[in-house]
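Enquirer: After the structure tokens below, expect a handful of questions from me.
The values are calculated or read from the model by the stated rules, or taken from the named source; none is laboratory data. What you see is a predicted model; the values in this text were computed from it and never measured. For neighbour counting, all protein chains shown are included, and Cβ atoms are generated from backbone atoms with ideal geometry for every residue, glycine included. Calculation scope for accessible area: heavy atoms of the full protein, side chains included, ligands and nucleic acids excluded. Shrake-Rupley method; radii C 1.70, N 1.55, O 1.52, S 1.80 Å.
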Amino acid sequence: PKIVSRSAVSSSTEAAPTESSTAALKVWYCLCGEFLLVIDKDLTKLPRRKTDGAIIVRSKDSPQGKAALFKLNTTETGPVLIKREKGYERQWRHNCTRCSLLIAYQTTPHPVKSAPYLYIAWGAMTVMQGNKAPPEAWEGEEEVHRALEARDEMQT
């Protein structure tokens, strides 16, 4: 049988671009090269957490803002208790599926979008696939070396 369609396609170069047409998804990889995250936001422009410098990704809509659209490809692990300046914090962690590197955490039990925020460890991901660490992965390295040298000198 012959099927006849009466649909018409129209477009306009004068129409303003829609939000969905201008949104570009960003892909992030682990330092080992494993695919980890696809997100509609630029991670470098998102706010950072004061306690540990983690990138704050809004997981749920709220009066303060709209949630980011993202898909996280990680292994979820049980809670870890972290000592903070004002007490303790329980973190449900997300690790790389290949090398088990800490990628992100949230402060409520899994699944990933059950918490209002997802915190991404700074320097754990890169936009380049293929075992190349981004420069931010080495941030603070000098301070760590100086602290270790000072500790070693005190012990001798």
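Enquirer: Kindly provide the set of residues from region 65-88 that are of a type outside the set (Phe, Trp, Tyr), part of a strand (DSSP E or B) and without any contact (Cβ under 8 Å) to a residue 12 or more places away in the chain, ordered by number.
Expert: Gly65, Leu81, Ile82, Lys83, Gly87
Enquirer: Condition (residue is without any contact (Cβ under 8 Å) to a residue 40 or more places away in the chain, farther than 21 Å from Val127 by Cβ, part of a strand (DSSP E or B) and open to solvent by 60 Å² or more (accessible area, probe 1.4 Å)) applied to region 89-100: is it met by at least one residue?
Expert: Checking region 89-100: at least one residue is without any contact (Cβ under 8 Å) to a residue 40 or more places away in the chain, farther than 21 Å from Val127 by Cβ, part of a strand (DSSP E or B) and open to solvent by 60 Å² or more (accessible area, probe 1.4 Å).
Enquirer: Please go through region 50-64 and give me each residue that is part of a loop (DSSP other than H, G, I, E, B) and either open to solvent by 40 Å² or more (accessible area, probe 1.4 Å) or touching a Pro at 6+ places or on another chain (Cβ under 8 Å) (or both), ordered by number.
Expert: Looking only at region 50-64, we keep the residues that are part of a loop (DSSP other than H, G, I, E, B), and these are 50-54, 59-61, 63-64.
Of everything in region 50-64, those that are part of a loop (DSSP other than H, G, I, E, B) and either open to solvent by 40 Å² or more (accessible area, probe 1.4 Å) or touching a Pro at 6+ places or on another chain (Cβ under 8 Å) (or both) turn out to be Lys50, Thr51, Asp52, Ser59, Lys60, Asp61, Pro63, Gln64.
Enquirer: Taking interchain pairs and intrachain pairs at least six residues apart, which have beta carbon atoms under 6 angstrom, with the first residue in region 110-137 and over 21 Å from Arg93 (Cα atoms) and the second at pLDDT 85 or above and among the small types (Gly, Ala, Ser)?
Expert: Sorted first by the residue in region 110-137, then by its partner, the pairs are Gln129/Gly33; Gly130/Gly33; Asn131/Gly33.
Enquirer: Pull out all pairs, ordered by first then second residue, where Cβ-Cβ is under 6 Å, the residues are six or more apart or on different chains, the first lies in region 42-61 and is without any contact (Cβ under 8 Å) to a residue 40 or more places away in the chain, and the second is in a loop (DSSP other than H, G, I, E, B) and aliphatic (A, V, I, L, M).
Expert: Pairs found: Asp61/Ala67.
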